[in-house]
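*Asks:* This structure is in structure tokens; I'll ask about it shortly.
The values are calculated or read from the model by the stated rules, or taken from the named source; none is laboratory data. Predicted, not measured: the structure shown is a model, and the values here were computed from it. With ideal geometry, Cβ positions are generated from the backbone for all residues, glycine too; neighbour counts draw on all protein chains shown.
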Amino acid sequence: MTITPRKWWQDGVVYQIYPASFKDSNGDGIGDIPGIISELDYIRSIGVDIIWICPMYDSPQVDMGYDVRDYENVYPPYGTVQDMEILIAETHARGMRIILDLVVNHTSDQHKWFQESRSSKDSPKRDWYIWRPARYIDGVRKPPNNWLGNFGGSVWQWDDQTQEYYLHLFCPEQPDLNWENEDTRKAIYESAMEFWLERGVDGFRVDTVNMYSKGEMLDAPITDPRSEWQFAGYQYCNGPRMHEFLSEMNAVLEKYDAMTVGECPNTPDMGRVLKYVSAKEKQLNMVFQFDVVDIGQGPYKFQTTPFNWKLPQFKHAIETTQNLIRGNDGWTTVFLENHDQSRSISRFTSDAPEHRVAGGKLLSLMMAALSGTMFIYQGQELGMVNFPLEWSMDEYKDVDSTNYYAMVNERNGGDAEALAAAKAALQHLARDHARVPIPWSASSNAGFSTAKPWMRPNDDYNICNAKQQQSDKNSVLSYWKRMLQLRRHYSDLFVHGDFDLLDKQNLEIFAFTKTWQNRKALVLLNFTARQQELQLPPGAQNQKMELLVSTLDMPGGCLAAYEGRIYMLALD
Ligand code: TEU
Ligand code: CA
């Protein structure tokens, strides 16, 4: 067996930062880059190796910076390119690395490339975006196909001036770039990638990476007969030229030893995922699969009721992503949260005040024992939970939430019951829950800002905040620090080991083993609010074992509510 040397990003723990909500340094209620710099020591103290900064580029902020106006500039309320240079230097000075969010499936409609493209059919940049003539059905003008956008409605926007439609898989203000055009691709590499690689960034989280190649853009099958627009995710993701585009992009990244983690929605086929992450294919280092985060979502994300899933589904999703590294040259990721997900304690355990801390520790222990590069989202280390149902719809700022609520309202003529169901789903799953300000202390505005923050901080900031948790050895934060140390200490086993699920069908306990050479650990996780008998699952009985860690200080003879444990097994 040949042992390939490990890459720096494999054992690394990544901490994701959402600039608007991390820390405000100048009292305008919006987080900023100097705010991030001021908390680098805090981030380092968690045990993090890499920080990932969500889009901080100049942008009209229709989709919180995922609509980039200029890749080579910073959104003024966040700071300047010079602030970014300081952030890069200060991060490196602490022995950490920094990656940025690469958003190049689309730009803002205010990007100068699009402004030129839309100016006339003869513009040299016309072909940099995806323009198509209308089709006429019974004399009525219709878009070129029936695809549904990620934020509702058609993916096509009519342009009056040049009498054509342009494609936007997200908001109309986010036109899709035409990757088929070689000049466009070159401009993307130069402006969005090399500009920042030259300034020392260590890689990218690559937004919507599997959508660059759109294929034939044929009509999608009808899955929602009530709508004119149909889900087309399996058509616009993973198109025919993906491999070629990513090879080309990788050639640029390789020169800088830059890491990549690609966002990979609508890809349940593991064979397909493996082609993206296999080292010899030279595409991406790793991807975020959606198997775990899609759990409990409806066909149209929010068309569901909270807790509409069973534990075996969750186990299966984790097993699927864990198995990516088994017997091949691929790599995987461990994550439960990001800026597009609500809080994991609220989704997968219980955010009732008496269970919040236990739930946070349970998920921390679970993640620490899973293989792959680990990603923690800001506030996850503090055990932050969703904001409550009582908050009014005005507190939801995300276009994904507000568009959905407006659609339900329109479809049901303002029916109160339908709107209540929509709000319940948003309270459970909306992206807004990840975007509230970080509670730094119990002082006003949660210590996030001296001014009223752009989003309302969680009500419990006087008890759940970074300052309190730093001085409390029983806090969720202290537990994360401990678990990250343990993960580092046993990195062969926890970061690189083989995952085996035990007792798959059990609806209450999630049990698995991790194995590396002659080492084996058993992980037991109680996903219920009830005490459970400590029974060894089939496959782990009659073995000598020793408790390595529990989520409790004094674990008893039973598994307590939301308790997790790791045992080391003696192998003979
Ligand atoms: O997300 C793309 C994506 O496919 C989804 O996770 C998306 O957020 C979801 O369908 C909305 O319900 C990425 C970014 O992470 C997200 O924040 C951006 O809004 C989106 O791309 C567009 O750039
Ligand atoms: Ca600010």
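*Asks:* Yes or no: Tyr256 under 23 Å from Asn328 (Cβ atoms) and aromatic (Phe, Trp, Tyr)?
*Replies:* No, not satisfied.
*Asks:* So is Pro225 modelled with pLDDT under 95 and loosely packed, with under 14 Cβ neighbours inside 10 Å or not?
*Replies:* yes
*Asks:* Consider segment 10-64. How many of its residues are acidic (Asp, Glu), surrounded by fewer than 23 Cβ atoms within 10 Å (Cβ to Cβ) and within 16 Å of ligand 2 (Cβ to nearest atom)?
*Replies:* Qualifying residue count, segment 10-64: 3.
*Asks:* Still on this model: Select, from Gln485, Gln427, Gln505, Gln517, the only residue that is surrounded by fewer than 16 Cβ atoms within 10 Å (Cβ to Cβ) and under 24 Å from the mean Cα position of the chain (by Cα).
*Replies:* Just one listed residue meets the conditions, Gln485.
*Asks:* Quick one: in segment 322-342, which of the residues that are crowded, with 17+ Cβ neighbours inside 10 Å and more than 16 Å from ligand 1 (Cβ to nearest atom) is farthest from Lys361 (Cα to Cα)?
*Replies:* Here the residue is Gly330.
*Asks:* While we're here: Between Gly200, Gly152, which is of a type in the set (Gly, Ala, Ser), surrounded by fewer than 18 Cβ atoms within 10 Å (Cβ to Cβ) and within 16 Å of ligand 1 (Cβ to nearest atom)?
*Replies:* None of the other options fit; the residue is Gly152.
*Asks:* Restrict the check to segment 450-471 and report whether at least one residue is in contact with a strand residue (DSSP E or B) (Cβ under 9 Å, 6 or more places away or on another chain) and either surrounded by 18 or more Cβ atoms within 10 Å (Cβ to Cβ) or under 30 Å from Gly330 (Cα atoms) (or both).
*Replies:* no
*Asks:* Pick from segment 444-466 the residues that are away from ligand 1 (no atom under 16 Å from the Cβ) and of a type in the set (A, V, I, L, M): which of them is farthest from Ile36 (Cα to Cα)?
*Replies:* Ile463
*Asks:* Evaluate segment 136-144: report whether one residue or more is farther than 19 Å from Asp183 by Cβ, aromatic (Phe, Trp, Tyr) and touching a Ser or Thr at 6+ places or on another chain (Cβ under 8 Å).
*Replies:* For segment 136-144, residues farther than 19 Å from Asp183 by Cβ, aromatic (Phe, Trp, Tyr) and touching a Ser or Thr at 6+ places or on another chain (Cβ under 8 Å): absent.
*Asks:* Further, regarding this structure: Out of segment 490-526, which residues are assigned to a loop (DSSP other than H, G, I, E, B) and in contact (Cβ under 8 Å) with a residue 60 or more places away in the chain?
*Replies:* Gly497, Lys504, Gln505, Asn506, Leu507, Glu508
*Asks:* Something else: Looking only at segment 450-467, how many residues end up being within 22 Å of Pro388 (Cα to Cα) and either within 16 Å of ligand 2 (Cβ to nearest atom) or assigned to a helix (DSSP H, G or I) (or both)?
*Replies:* Going through segment 450-467 one residue at a time, the tally reaches 10.
*Asks:* Give all pairs with beta carbons closer than 7 Å in which a residue from segment 382-410 that is not assigned by TED's automatic domain parsing to the domain that holds Leu336 meets a residue that is in a loop (DSSP other than H, G, I, E, B); count only pairs at least 6 apart in sequence or on separate chains.
*Replies:* none
*Asks:* It is to be established whether one or more residues within segment 118-129 are modelled with pLDDT of 95 or more, surrounded by fewer than 20 Cβ atoms within 10 Å (Cβ to Cβ) and within 16 Å of ligand 1 (Cβ to nearest atom).
*Replies:* no
*Asks:* Let me ask another. Condition first: of a type in the set (A, V, I, L, M, F, W, C), in the same structural domain as Val252 (by TED's automatic domain parsing), farther than 24 Å from Asp257 by Cα and part of a helix (DSSP H, G or I). Can you find one or more residues in segment 46-63 that meet it?
*Replies:* The answer is yes, given that some residue of segment 46-63 is of a type in the set (A, V, I, L, M, F, W, C), in the same structural domain as Val252 (by TED's automatic domain parsing), farther than 24 Å from Asp257 by Cα and part of a helix (DSSP H, G or I).
*Asks:* Do we find a residue being closer than 22 Å to Met374 by Cα, in a helix (DSSP H, G or I), modelled with pLDDT of 95 or more and over 18 Å from the mean Cα position of the chain (by Cα) anywhere in segment 29-36?
*Replies:* Yes - at least one qualifying residue is present in segment 29-36.
*Asks:* Kindly indicate the residue of segment 8-44 that is within 16 Å of ligand 1 (Cβ to nearest atom) and of a type in the set (Ser, Thr, Tyr) and also farthest from Val261 (Cα to Cα) among those meeting that condition.
*Replies:* Among them, the one singled out is Ser21.
Per-residue answers, yes or no, for (1) closer than 17 Å to Glu563 by Cα; (2) touching a helix residue (DSSP H, G or I) at 6+ places or on another chain (Cβ under 7 Å):
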{"site": "Val357", "(1), (2)": "yes, yes"}
{"site": "Met393", "(1), (2)": "no, yes"}
{"site": "Asn403", "(1), (2)": "no, no"}
{"site": "Leu419", "(1), (2)": "no, yes"}
{"site": "Ala422", "(1), (2)": "no, yes"}
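*Asks:* Output the number of residues of segment 84-102 satisfying the condition of being surrounded by fewer than 19 Cβ atoms within 10 Å (Cβ to Cβ) and within 16 Å of ligand 2 (Cβ to nearest atom).
*Replies:* Within segment 84-102, residues that are surrounded by fewer than 19 Cβ atoms within 10 Å (Cβ to Cβ) and within 16 Å of ligand 2 (Cβ to nearest atom) number 1.
*Asks:* While we're looking at this one, here's another question. Output the residue which, of all residues in segment 66-93 that are of a type in the set (Gly, Ala, Ser) and touching a residue at least 12 places away in the same chain (Cβ under 8 Å), is farthest from ligand 1 (Cβ to nearest atom).
*Replies:* Ala89
*Asks:* With the condition kept exactly as written, say whether any residue in segment 134-143 is surrounded by fewer than 19 Cβ atoms within 10 Å (Cβ to Cβ), charged (D, E, K, R), in contact (Cβ under 8 Å) with a residue 24 or more places away in the chain and more than 16 Å from ligand 1 (Cβ to nearest atom).
*Replies:* No, the conditions are met nowhere in segment 134-143.
*Asks:* Checking His339 against (1) within 22 Å of Ser478 (Cα to Cα); (2) part of a loop (DSSP other than H, G, I, E, B), only one condition comes out false. Which one?
*Replies:* (1)
*Asks:* Right, something else. With the condition being within 16 Å of ligand 1 (Cβ to nearest atom), I'd like the helices (runs of 4 or more DSSP H) fully within segment 232-305 carrying at least 2 qualifying residues.
*Replies:* 233-236, 270-277
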